[in-house]
1. Filter the stretch 14-38 for residues that are away from ligand 2 (no atom under 11 Å from the Cβ) and either at positive phi or buried (at least 18 other Cβ atoms within 10 Å of the Cβ) (or both); which is modelled with the lowest pLDDT?
2. Residue 129 passes all but one of (1) in contact (Cβ under 8 Å) with a residue 24 or more places away in the chain; (2) under 21 Å from residue 70 (Cβ atoms); which number fails?
3. Looking only at the stretch 75-100, how many residues end up being surrounded by fewer than 17 Cβ atoms within 10 Å (Cβ to Cβ) and on the phi > 0 side of the Ramachandran plot?
4. Could you say whether any residue in the stretch 131-146 is assigned to a loop (DSSP other than H, G, I, E, B) and basic (Lys, Arg)?
5. Among the residues in the stretch 151-165, are any crowded, with 18+ Cβ neighbours inside 10 Å, part of a helix (DSSP H, G or I) and in contact with a Phe, Trp or Tyr (Cβ under 6 Å, 6 or more places away or on another chain)?
6. How many residues does the stretch 177-197 contain that are touching a residue at least 12 places away in the same chain (Cβ under 8 Å) and near ligand 1 (Cβ under 8 Å from one of its atoms)?
7. Under 9 Å by Cβ, and 6 or more places apart or on different chains, what pairs join a residue from the stretch 53-64 that is surrounded by fewer than 19 Cβ atoms within 10 Å (Cβ to Cβ) with one that is assigned to a helix (DSSP H, G or I) and β-branched (Val, Ile, Thr)?
8. State all residues of the stretch 102-130 that are in a helix (DSSP H, G or I), touching an Asp or Glu at 6+ places or on another chain (Cβ under 9 Å) and either near ligand 1 (Cβ under 10 Å from one of its atoms) or under 12 Å from residue 32 (Cβ atoms) (or both); if no residue qualifies, say none.
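The values are calculated or read from the model by the stated rules, or taken from the named source; none is laboratory data. These numbers were taken from a predicted model, which means no experiment stands behind them. Neighbour counts run over all protein chains shown; Cβ positions are idealised from the backbone, glycine included.
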Amino acid sequence: MCVTKTLAVKSRKETRSNSTKMPVTAVSRTKPNILITGTPGTGKSSLCKQLAEKTGYEWLEVSKLAKDWECISDYDEEYDTSVLDEDKLLDTMEPIMANGGKIVDYHGCDFFPERWFNIVFVLRTDNTILYDRLSERGYTGKKLSDNVECEIFQTLLEEAKSSYDEDIVHELQSSTLAEAASNLERIVSWTDQWTKDNTS
Ligand SMILES: Nc1ncnc2c1ncn2[C@@H]1O[C@H](COP(=O)(O)OP(=O)(O)OP(=O)(O)O)[C@@H](O)[C@H]1O
Ligand SMILES: [Mg+2]
């Protein structure tokens, strides 16, 4: 699922950013915007929920919000998943992102404007552990194997590196609860430091 989706949206981001002539760097804001991405099941939402509680930042769980905002354009029966209306979603998110203090959670990242984010984290999970997590969730057949393959080929890491300045893209292991706790601590520390550096 990941592989097909990421290929499908690539050219649209380029067209959009060229036409709007927006700067590629993150604009100045008093709180940073954070992107948490990774293959389905790597732990994005678990991490974002705790991060939002610790920082007071707003967690934007894009796959759920897209439904609330009616930004679903289609249903892909082969992959058993909703297809985003990316243009409508981006237009809806634009004013929300402007003030900073947002944590965006999505299993894709190449169609968001680069200037939205101050930092990007890509969660990674051991293939066998991910297989078990997705099976427990009820994924089977092609949906299960495509998502595990997406992780094996590190599709989201490559997508993030090709869509954002590599200096702001960080890979985080998310196979164990100890790693989840350490990731949380690391991002909270980064956020505190960013705030000190940018608001004094
Ligand atoms: N680091 C971790 N160690 C152990 N279990 C984890 C870890 N991270 C997440 N989990 C568990 O894995 C499952 C999937 O986590 P979660 O729903 O947060 O993934 P996700 O990346 O948001 O998935 P999706 O993209 O489908 O929304 C949950 O049951 C969660 O408790
Ligand atoms: Mg999630």
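1. Step one: filter the stretch 14-38 for residues away from ligand 2 (no atom under 11 Å from the Cβ), giving 14-35.
Imposing the further condition that a residue be either at positive phi or buried (at least 18 other Cβ atoms within 10 Å of the Cβ) (or both) reduces the set to 21, 26, 31-35.
Working: 21: 40, 26: 59, 31: 96, 32: 97, 33: 98, 34: 98, 35: 98.
Only one residue fits best here, namely 21.
2. (2)
3. Adding up the residues that qualify gives 1.
4. Narrowing the stretch 131-146 to residues assigned to a loop (DSSP other than H, G, I, E, B): 137-140.
Of the ones still in play, those that are also basic (Lys, Arg) are 137.
The answer is yes; a qualifying residue exists.
5. Applying the first criterion (crowded, with 18+ Cβ neighbours inside 10 Å) to the stretch 151-165 yields 151, 155-157, 159-160, 163-164.
Among the residues that remain, those that are also part of a helix (DSSP H, G or I) are: 151, 155-157, 159-160, 163.
Subset that is in contact with a Phe, Trp or Tyr (Cβ under 6 Å, 6 or more places away or on another chain): none.
Checking the stretch 151-165: not a single residue is crowded, with 18+ Cβ neighbours inside 10 Å, part of a helix (DSSP H, G or I) and in contact with a Phe, Trp or Tyr (Cβ under 6 Å, 6 or more places away or on another chain).
6. Step one: of the stretch 177-197, the residues touching a residue at least 12 places away in the same chain (Cβ under 8 Å) are 180, 183-184, 186-188, 190-191, 194-195.
Pick out the ones that are also near ligand 1 (Cβ under 8 Å from one of its atoms) and you get 180, 183.
Result for the stretch 177-197: 2.
7. 54/187; 54/188; 54/191; 58/96
8. Step one: filter the stretch 102-130 for residues in a helix (DSSP H, G or I), giving 114-116, 127-130.
Retained after the next criterion (residues that are touching an Asp or Glu at 6+ places or on another chain (Cβ under 9 Å)): 114, 116, 127, 130.
Result: 116, 130.
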